[in-house]
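Shown next, in structure tokens, is the structure this report addresses.
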Amino acid sequence: MAEIIVVGGGLAAAKAAEALRDLGHDGPITVLCGEAHPPYERPPLSKEYLQGKAERDSVFTFDAAWYADHDVTVRTGVRVTSLDREARTVGLDGGESLHYDELLLATGSRARPLPGADGVHYLRTIDDSDALRAAFAKGGRLGIVGGGWIGLEAAAAARGAGLEVTVIEPSEQRLIGALGPELGKVFADLHRSHGVDLRTGVGVRAVEPGGRGLVLEDGSTVETDAVLVGIGAIPNIEFAQEAGLDTAEGGLAVDAGLRTSDPHVFAVGDIAAAENPTVGRRIRVEHWANALNQPRVAAANMLGGSEVYDRLPYFFTDQYQLGMEYLGLSTGYDQVVIRGDVDALEFVAFWLREGRVLAGMNVNIWDVGDDVRDLITSRRSVDAARLGDTGVPLAEV
Ligand code: FAD
């Protein structure tokens, strides 16, 4: 019976264990979680959990009974520090060595640190979210370094908790970078209308010790009681890299079946830089949907299958009264088409290149996902005027 080890403590690790059992693997499965917790999901950590609207139990993918019922061994607080591909063993931080027949890496990412900033908050783990929530409870002024998804979701949560919030983002162009300036502006306006002091075009030169203030590059200062740094994530691939696995796009290079350059080692979730046949190239996506859906493909292939992961990137966010879903990849777009009412925050935005839809984002409009997907994957030329006309059904554009 093949022994399977899963390294990681996020959604991808839990879904991998589930998929392996669903697909009939009846040998040992061991999940090694670096954190002190069994696998859990991160999106609520900057949204309902941070806002105190979700129970702690709700963020964990499965409860202890599920792992027991499915005979999955979960070890928490153990970090894999080395990989011996020839011996097929992983080494743990305590010195122990564990054998595998097939290995799945789902080690995700960690928050990118801001050099020289002491006593600041980051938001990657449930412990981070607890600490930030405790800071919210004290009230006062929160400074946020970085106007990406994490920074803006936390800004919305902090405003909901009654804090004064200042967000510093060096580039207006890069605010919510993936969306481009046209749609980044929608988010900027949204936050400003909710009282966030959003400053773009200026970076942070220094953070006062304990997060007691920001010094900006133009010499001005912002008084704060706490600071959250949200400047991106770093994939956790060091031990795999040292073991000689191929890398790409900052992560581990995997084929369309999510197999690394070692046939007995697979990678999923944030770290997987995967060949994607639908997109037509290798992509690494740091989004929840990948962690949810890739493990089933990897599990099937670990058990001898030949499945391919070909889903489009998908992302969602909730901020104040705005809920949105984003599908596709807008890289290289030359046109943005809006369908609906931006001021009322009810619209679908499309990014096009040479008349073909690359990506779509529905804001407070639901059940259009299939049509948006079809517009992207069919690669058909569309008439921009009809695409933007709410009177023309999307399926007929
Ligand atoms: P992770 O969730 O990062 O889990 C990896 C786990 O592996 C961690 O627990 C880590 O400690 C552990 N680990 C790392 N190295 C080792 C090691 N050597 N040994 C043992 N264990 C190790 N995406 C969306 O699409 N929509 C959202 O709204 C959204 N909101 C988010 C909000 C927050 C606050 C964060 C942090 C992320 C959010 N994301 C969102 C992104 C999404 O959560 C990630 O893409 C997803 O968590 C990736 O899952 P993963 O299982 O690959 O890795």
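The values are calculated or read from the model by the stated rules, or taken from the named source; none is laboratory data. Only a predicted model underlies this, so the values are computations on that prediction, with no experimental measurement involved. Using ideal geometry, Cβ is built from the backbone for each residue, glycine included, and neighbour counts are taken over all protein chains shown.
Acidic (Asp, Glu) and free of Cβ contacts under 8 Å to residues at least 60 places away in the same chain: which single residue out of ASP101, ASP93 fits that description?
Criteria check complete, one pass: ASP93.
Out of the residues in segment 277-292 that are in a strand (DSSP E or B) and not hydrophobic (A, V, I, L, M, F, W, C), state the one that is surrounded by the fewest Cβ atoms within 10 Å (Cβ to Cβ). Break it down stepwise before answering.
Let us first name the residues in segment 277-292 that are in a strand (DSSP E or B), namely 281-284.
So of that shortlist, the ones also not hydrophobic (A, V, I, L, M, F, W, C) come out as 281-282, 284.
Details: ARG281: 10, ARG282: 17, ARG284: 21.
Residue satisfying both the conditions and the ranking: ARG281.
VAL7 is checked against (1) under 25 Å from PRO263 (Cβ atoms); (2) more than 15 Å from the ligand (Cβ to nearest atom) and fails just one. What number does that condition carry?
If we test VAL7 against (1) under 25 Å from PRO263 (Cβ atoms); (2) more than 15 Å from the ligand (Cβ to nearest atom), just (2) comes out false.
Listed here are the residues, each with its yes/no results for (1) in the same structural domain as LEU105 (by the TED database); (2) within 14 Å of the ligand (Cβ to nearest atom); (3) part of a strand (DSSP E or B).
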| position | (1), (2), (3) |
| --- | --- |
| PHE266 | yes, yes, yes |
| ASP270 | yes, yes, no |
| GLU275 | yes, no, yes |
| PRO295 | yes, yes, no |
| ALA298 | yes, yes, no |
| TYR309 | no, yes, no |
| PHE316 | no, yes, yes |
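Name the residue that is farthest from the chain's Cα centre (by Cα), counting only residues in segment 10-59 that are among the polar types (S, T, N, Q), more than 10 Å from the ligand (Cβ to nearest atom) and not in a loop (DSSP other than H, G, I, E, B).
Going through segment 10-59, the residues among the polar types (S, T, N, Q) turn out to be 30, 46, 51, 58.
Adding the requirement that they be more than 10 Å from the ligand (Cβ to nearest atom) leaves 30, 51, 58.
Checking which are not in a loop (DSSP other than H, G, I, E, B) leaves us with 30, 58.
Numbers: THR30: 24, SER58: 18 Å.
My answer is THR30.
Among the residues of segment 93-151 satisfying the criterion of being polar (S, T, N, Q) and in contact with a Gly (Cβ under 7 Å, 6 or more places away or on another chain), which is nearest to the ligand (Cβ to nearest atom)? Please lay out each step first, then the result.
Here is the first cut: in segment 93-151, the ones polar (S, T, N, Q) are 97, 107, 109, 125, 129.
Still in the running and in contact with a Gly (Cβ under 7 Å, 6 or more places away or on another chain): 97, 107.
Numbers: SER97: 14, THR107: 4 Å.
So, considering only residues that are polar (S, T, N, Q) and in contact with a Gly (Cβ under 7 Å, 6 or more places away or on another chain), the one nearest to the ligand (Cβ to nearest atom) is THR107.
Please give the number of the condition VAL74 fails out of (1) under 23 Å from ALA240 (Cβ atoms); (2) in a loop (DSSP other than H, G, I, E, B); (3) over 19 Å from the mean Cα position of the chain (by Cα); (4) not charged (D, E, K, R).
Condition (2) is where VAL74 drops out.
Just wondering, is there one or more residues in segment 156-165 that are within 18 Å of ARG212 (Cβ to Cβ) and either in contact with a Cys (Cβ under 8 Å, 6 or more places away or on another chain) or among the small types (Gly, Ala, Ser) (or both)? Step through it out loud before you land on a result.
Step one: filter segment 156-165 for residues within 18 Å of ARG212 (Cβ to Cβ), giving 158, 163-165.
Filter again for either in contact with a Cys (Cβ under 8 Å, 6 or more places away or on another chain) or among the small types (Gly, Ala, Ser) (or both), leaving 158.
Scanning segment 156-165 turns up at least one residue that is within 18 Å of ARG212 (Cβ to Cβ) and either in contact with a Cys (Cβ under 8 Å, 6 or more places away or on another chain) or among the small types (Gly, Ala, Ser) (or both).
What tally of residues in segment 41-64 results from selecting those that are touching a helix residue (DSSP H, G or I) at 6+ places or on another chain (Cβ under 7 Å) and within 22 Å of PHE239 (Cβ to Cβ)?
The number of residues fulfilling the criteria is 0.
How many of the residues making up segment 61-95 are loosely packed, with under 13 Cβ neighbours inside 10 Å and under 24 Å from PRO43 (Cβ atoms)? Outline the logic, then answer.
Step one: of segment 61-95, the residues loosely packed, with under 13 Cβ neighbours inside 10 Å are 63-65, 68-69, 71, 84, 86-87, 93-95.
Cutting the leftovers down to under 24 Å from PRO43 (Cβ atoms) gives us 63-65.
Counting residues in segment 61-95 that are loosely packed, with under 13 Cβ neighbours inside 10 Å and under 24 Å from PRO43 (Cβ atoms) gives 3.
In segment 169-189, is there at least one residue being modelled with pLDDT of 95 or more and crowded, with 21+ Cβ neighbours inside 10 Å? Please lay out each step first, then the result.
First, the residues of segment 169-189 that are modelled with pLDDT of 95 or more: none.
No, that holds for no residue.
Show the residue pairs that are 6+ apart or on different chains and have beta-carbon atoms under 7 Å apart, the first residue being within segment 299-319 and under 13 Å from PRO43 (Cα atoms), the second being within 10 Å of the ligand (Cβ to nearest atom) and part of a loop (DSSP other than H, G, I, E, B).
PHE315/HIS287; ASP318/LYS47
Of all the residues that make up segment 348-372, how many are assigned to a helix (DSSP H, G or I) and under 26 Å from LYS185 (Cβ atoms)? Break it down into steps so the answer makes sense when it comes.
As a first pass, look at segment 348-372 and keep what is assigned to a helix (DSSP H, G or I): 369-372.
Keeping just the survivors that are under 26 Å from LYS185 (Cβ atoms) gives 369, 371-372.
Final tally of qualifying residues: 3.
Go through segment 189-244 and report how many residues are farther than 18 Å from LEU132 by Cα and without any contact (Cβ under 8 Å) to a residue 60 or more places away in the chain.
Total meeting the criteria: 21.
I'd like to verify a number: residues in segment 233-246 that are under 22 Å from GLY9 (Cβ atoms) and more than 11 Å from the ligand (Cβ to nearest atom), how many? Reasoning before the result, please.
The initial filter retains those residues of segment 233-246 that are under 22 Å from GLY9 (Cβ atoms), namely 233-243, 245.
Narrowing further to those that are more than 11 Å from the ligand (Cβ to nearest atom): 241-243, 245.
Here the count works out to 4.
So which of GLY332, GLY328, GLY304 is on the phi > 0 side of the Ramachandran plot, touching a strand residue (DSSP E or B) at 6+ places or on another chain (Cβ under 8 Å) and more than 16 Å from the ligand (Cβ to nearest atom)? Break it down stepwise before answering.
Numbers: GLY328 fails: more than 16 Å from the ligand (Cβ to nearest atom); GLY304 fails: touching a strand residue (DSSP E or B) at 6+ places or on another chain (Cβ under 8 Å).
After ruling out the rest, the residue left standing is GLY332.
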